[in-house]
């Protein structure tokens, strides 16, 4: 997915389920709601950073709510998800870097450190 598609997805989740946008300039880089957040990572991945909760049942409910919200909006946009830690169809150098200042710095540093 491109950054624009990811931004559209995050904005739609925000609007539909009352999340607050996390912005850098004009760019959205995540969502927050109470003590939970959905940060956008350098390669476009995002995940739920859950709130500190007291029971496993509360954690399960929070995760299930997150998955429901993402799937509902994504389905309307024709987007599907797979729960893995890396893009299975691209080489590392082909993964687009999200337009956040520190991510470009990180990429340049890591490439030069090889």
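Every number in this text was worked out from the coordinates using simple rules, so none of it is lab data. Predicted, not measured: the structure shown is a model, and the values here were computed from it. So basically every Cβ, Gly included, is an ideal-geometry build from the backbone, and we count neighbours across all protein chains shown.
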Quiz prompt | Packing-based exposure ordering (other Cβ within 10 Å, fewest first) of 70, 63 | solution = 63, 70
Quiz prompt | Cα-based helix-to-principal-axis angle, 3-17 vs the chain, degrees rounded to 10 | solution = 10
Quiz prompt | Percent of Cα-Cα distances greater than 22 Å, calculated over region 3-112 | solution = 37
Quiz item: For the chain, what relative contact order do you get, as a whole percent, if you take Cα pairs closer than 8 Å and at least 6 residues apart?
Solution: 23
Quiz item: Between the helical axis of 101-112 and the dominant principal axis of the chain, each derived from Cα atoms, what acute angle in degrees is found, rounded to the nearest 10?
Solution: 50
Practice problem: Please give the helix 56-77 orientation as an angle from the longest Cα principal axis of the chain, in degrees from 0 to 90, rounded to the nearest 10. | Solution: 60
Exercise. Would you mind calculating the gained length between residue 54 and residue 15 on full extension (0.36 nm times residue separation, minus the Cα-Cα distance), in nm to one decimal?
Key: 11.2 nm
Exercise. Could you rank the peptides 74-80, 3-9 by their average count of other C-beta atoms within 10 Å per residue, with the highest value first?
Key: 3-9, 74-80
